[in-house]
Structure formats: C-alpha cells, structure tokens
Amino acid sequence: MTAQLEERLPGGERGRPGRGGLLGHRDFRLLWFGETTNRIGINITAVAMPLVAVVTLNASTLAVSVLAAAPWLPWLLIGLPAGAWVDRMRRRPIMLLCNLTPLLLLASVPVAAWLGVLTMAHLLVVALLNGFAAVFFGISYKVYVPSIVDREDLQEANAKLQGSESVAQVAGLGGGGLLAQAFGAASGLLVNAGTFLVSALCLLAIRSREPVPEKPKERPALRQDIKEGLQYALGDPYLRVLTAYGTATNLLLTAQSAILPIFIIRELGVPEGATGWLLASSSVGGILGATTAKHLTARFGTARGLLVATAASAPFALLIPLAGRDWTLSALVAGSAILALGVVLANVIQGAFRQRYCPPQLLGRISASISVANFGAIPFGSLLGGILGTALGLRPTLWLLGAGLALTPLLLLIGPMRGRRDLPAAPEPA
C-alpha cells in the first residue's frame, strides 16, 4: 500500500490548500501546469502528424487512420502490466522519462524531412513509441494526484485537470495547425517537442518527496497483480458499467476523430491552419464542462448528474455531418462543442469517483484495467473510421457514428447507477 505524504507543504498541513483552494497549493500547481503542457504537446502531435501524412506524404484516408490508431495500440500491448509496474514504483520518475521520450522522437521527424528520407513507416514508429510513453504517463499521473491532494479535494483537482485538458486541446489543436502553416507540417513538430521539456521541468520543481510504495514480504507474481486489478474493475458493478460506457464512447469518438480532419480539409475545403482551430473549437465545450461539474453534481448528485450530462449532450453528435462550405460549418462547431461538454463532465465525475472509491494500493492496476478497455478501443475506432470512410464515404460515416454516439448513454442505465442520486464513496459491504 502506498504511504500518504506526511511532510508539511506550502498552503497547509500535508499539502492542504489555503484559502484559494488548490490554486494555493504549490506542488499541485506545478503538476497541473506540467500535465497541461504535456497535453498541449500531445494535441499538437494529434494535428501535426496527420497533416505531415496528408500534406507532406500525400497519404490515403486508410493510412492516416492507421497513423491515428498507432499511439493507442500500446494500451492493448502493455496497459495491464504497466498498471502493476506503476503500483510498484514511484510515479514522478516514470512521468519524467515519459516527457523526455517524445521530445527526442518528435524532433526526429523534421530532421528526416529536411534530409528527404521521411516515410510513413517513420511516422508510425514515432507514433507507436510515443504511445508507450503516454501509457505510463497517463496511469502514473492519475495515481500521483491522490498522493499530493487530500481526498476531499480530489473533485476540485480533477475538475482543474480536465478543464486544463480542454484548454490544452484548444491550444494544441489550434497551435498544431498554425505551426504547420507557419513552419511546415514536419518542422512544426520541432516546436512541439519543447512542450514536453517544459512538462519535465515542472515535475522536477515539485518539492514534496513521493514515498516509495511499501514492498510486501512476498511480492506476488506480476500476473497475479494484473489479475487482482482486473477482477476488481470487472467485478464491481459501478466500475463495470462505467468502463462499458467509456469503451463504447471512445470507439465511436475516435472513429469520428480519425476522419474529421480529412473531411474538413478535403470535403469542406478548409485550409491547414484553420483546420486545427476548427478541431479545437470543440474544447470550448470541454472547458465549460470542467467549470460546471461542481454545480451539476451539487444540483443533481454525482450519479444522476452523470446521466443528465451524457444523455443531454450525446445526440448533438448528429449536427456534425450537417456541416457544409457555408454557414452550416457552424453545425460542426456546435455539435463538437456540446459533445465535448458532456464527455468532460463525465470524465470529471468518474475521475474523482475512482480515486475516492478504489483501494489506494490497487488504484494503478484498476486505472490500467479500465484504461486498457477505454483506450484499447481507440485504435479499433481509428481503423473503423478509416474503413467506413473509405467504403461509405466521409459524410455517411459521420452520420452513422453520430447515431451510435447518441445511443451510448443508454449503457449507463444497465446497473445500480440509475436508482441513485450519488455514486458511493466506498464499495458497499458484500
């Protein structure tokens, strides 16, 4: 079991925030800024890599969707053992390594382009290796947050992290398009690499020492650790239904995201620089979702608020395929923004729930088990978008995916959540 931090930190005992909430908590501010910068880098990459493939290498729709799938494939390959490893190690060193890896990998793309040797294979290797780093970073920071802030501050912490993730989408997706327009699609990745350096420096500046996880007298086999996390995630009725909803939503959202840049550039005729900002417009809804999560749960409760947020927002996915080259382009912006509003609200509520609800010594493995299901669906979603987009056309595929997204909130009604106002703070006795 991971020990809690006991040293006195600025802002209060054991890092308790002062009057300004977590804004007065120095170490959380550094983690928050570092994680946000990391996300900006990831979102710049999400725009810049497909643009390199489309503009520089003239890649096909299917090839671009394969490139979009590559960063998520590592969740299927190492997601489960990564959770067990994270539970056995200190998280900050892992996160530092996971910032330095993409810094070097992304810098290799413009170098290869300048030398005239850039290929799709190179892009796929960079995307895949970046994905391995993202797996460990994603699990580690979720487990690291409860060791910095107290339980009663977890919802505020998750709301701030989710809100900044949405800001990072605006800055990253929009910045990715601008960097491509200003420096060229490949050269823009060199600037992108710098965001991961900033994130690493923020982590280095955190003063509190993370305790080393306690080692049991007899360390169980890695397979047993993985099994324990899986059994908990799949056996708990709340975690099980939330995982099913997240997996289905991610599958469809990623299929949509894989073909949306191609739809915007090739069918709507939007320039490269504007494409990033158009994709980033959805993040306005995400920012609103993060800032309103506390009010939503105060009014409806966490369980009912989750149902309201998802059911009210998901049908707006059907606005996206209505977009055209005239004023109807606003349908894409509105549909994407409202869809993001619901997704971020759900993420804030679920994130705080899991961090309070799950046993601390299992949190890394449980988070990994859920993430493998949720993020493991993403490469399949990217391939699904590419296959359907090639076979049916881009607009018909967006209609089909939008209909599926409108129905996903029904999954949350399967299980104990539909009869509750609030999600439980701890597992109920058997």
query = What residue, of Leu124, Leu173, Leu178, is modelled with pLDDT of 80 or more, open to solvent by 10 Å² or more (accessible area, probe 1.4 Å), part of a helix (DSSP H, G or I) and aliphatic (A, V, I, L, M)?
reply = Leu124
Segment 114-136, residues that are of a type outside the set (Val, Ile, Thr) and out of contact with any Leu (no Cβ under 9 Å at 6 or more places or on another chain) = Trp114, Leu115, Gly116, Ala121, His122, Ala134
query = Does segment 92-115 hold any residues that are more than 16 Å from Leu189 (Cα to Cα) and not charged (D, E, K, R), and which are they?
reply = Pro93, Ile94, Met95, Leu96, Leu97, Cys98
ask   = How about segment 385-405: which of its residues are open to solvent by less than 60 Å² (accessible area, probe 1.4 Å) and more than 21 Å from Gly324 (Cβ to Cβ)?
value = Gly386, Gly404
remark   = Checked segment 320-331 for anything assigned to a helix (DSSP H, G or I) and either free of Cβ contacts under 8 Å to residues at least 60 places away in the same chain or open to solvent by 10 Å² or more (accessible area, probe 1.4 Å) (or both); matches are Leu322, Leu329, Ser330, Ala331
request  = Collect the residues in segment 356-384 that are open to solvent by 20 Å² or more (accessible area, probe 1.4 Å) and part of a helix (DSSP H, G or I), keeping them in residue-number order.
outcome  = Arg356, Pro360, Gln361, Arg365, Val372, Ala373, Asn374, Phe375, Phe380, Leu383, Leu384
request  = Check off (1) open to solvent by 30 Å² or more (accessible area, probe 1.4 Å); (2) in a helix (DSSP H, G or I); (3) at pLDDT 80 or above for Asn58 and give me the number that stays unchecked.
outcome  = (2)
ask   = Is segment 100-107 home to any residue that is in a helix (DSSP H, G or I), in contact with a Pro (Cβ under 6 Å, 6 or more places away or on another chain) and under 26 Å from Ala373 (Cβ atoms)?
value = no
request  = Can you work out which of the residues in segment 205-243 that are crowded, with 16+ Cβ neighbours inside 10 Å and polar (S, T, N, Q) is modelled with the highest pLDDT?
outcome  = Thr243
ask   = Yes or no: Ile349 open to solvent by less than 10 Å² (accessible area, probe 1.4 Å) and hydrophobic (A, V, I, L, M, F, W, C)?
value = yes
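The values are calculated or read from the model by the stated rules, or taken from the named source; none is laboratory data. No experiment lies behind these values; they were computed from the predicted model shown. In this analysis, Cβ positions are derived from the backbone assuming ideal geometry, glycine residues included, and neighbour counts consider all displayed protein chains. Just so you know, the surface numbers come from the protein's heavy atoms only, side chains and all, with ligands and any DNA or RNA stripped out. Shrake-Rupley method; radii C 1.70, N 1.55, O 1.52, S 1.80 Å.
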